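The values are calculated or read from the model by the stated rules, or taken from the named source; none is laboratory data. Source: prediction; values computed, not measured. Neighbour counts are summed over all protein chains in view; Cβ atoms, including those assigned to glycine, are modelled from backbone coordinates with ideal geometry. Keep in mind that these areas ignore ligands, DNA and RNA; they rest on the heavy atoms of the full protein, side chains included. Shrake-Rupley method; radii C 1.70, N 1.55, O 1.52, S 1.80 Å.
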Amino acid sequence: MASQRDAQALLADHYKNPRNWGILHHGRHRSATTPGCGDEQIIYVDDANGALTHLRFQAVGCALSRASTSILLEHVENLHWHSVDALDQSFFTDILGEDVVRSRPRCTMLGLTVLHHLSPNTKDG
């Protein structure tokens with residue numbers, strides 16, 4: 001687990017320089033909003049053969065939700081859905097620390113929630 005300083009630096013970097021930012025004109029997409037705070041995200045996936053080969057996202061919201069999604073998409077690119085489906089809050093806890101995740105879990109988890117809804121292994125996918 002990263003120190004609090006390392007986690008803050010990682011979040012700041014991903015907020016200022018988000019990975020996989022933009023629109024993907026092919027594939028599928030799903031959007032979601034965090035109730036109460038207004039964070040909004042759209043995640044685009046190209047998942048040919050069950051692997052997430054191309055990912056993009058757009059977001060309006062707090063630095064934590066945007067940076068967390070950037071970190072997540074960087075991690076899951078080229079993984080198969082079964083690996084993505086297995087991710088939960090502990091993914092972020094391991095990277096960012098329990099204090100960060102516990103302080104605003106809905107913001108941290110928004111991108112993962114959208115990905116889980118995109119999964120072909122769920123009713124929403």
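Sort out which residues of region 1-38 are closer than 20 Å to residue 109 by Cβ, β-branched (Val, Ile, Thr) and open to solvent by 40 Å² or more (accessible area, probe 1.4 Å), and write them in order of number. Matches in region 1-38: 33 only.
Within the span defined as region 95-108, every residue fails to be of a type outside the set (D, E, K, R), closer than 22 Å to residue 16 by Cα, surrounded by fewer than 22 Cβ atoms within 10 Å (Cβ to Cβ) and at pLDDT 95 or above. Residues being of a type outside the set (Gly, Ala, Ser), in contact with a Ser or Thr (Cβ under 7 Å, 6 or more places away or on another chain), assigned to a loop (DSSP other than H, G, I, E, B) and open to solvent by less than 60 Å² (accessible area, probe 1.4 Å) are entirely absent from region 48-65.
One residue alone among 21, 81 is over 26 Å from residue 7 (Cα atoms), aromatic (Phe, Trp, Tyr) and free of Cβ contacts under 8 Å to residues at least 60 places away in the same chain, and that residue is 81. Of the residues examined, residue 89 is not one that is under 18 Å from residue 37 (Cβ atoms) and out of contact with any helix residue (DSSP H, G or I) (no Cβ under 9 Å at 6 or more places or on another chain).
The single condition among (1) open to solvent by 50 Å² or more (accessible area, probe 1.4 Å); (2) in contact (Cβ under 8 Å) with a residue 60 or more places away in the chain; (3) in a strand (DSSP E or B) that residue 41 does not satisfy is (1). When 90, 70 are checked against the criterion of being assigned to a helix (DSSP H, G or I) and crowded, with 22+ Cβ neighbours inside 10 Å, a single residue qualifies: 70.
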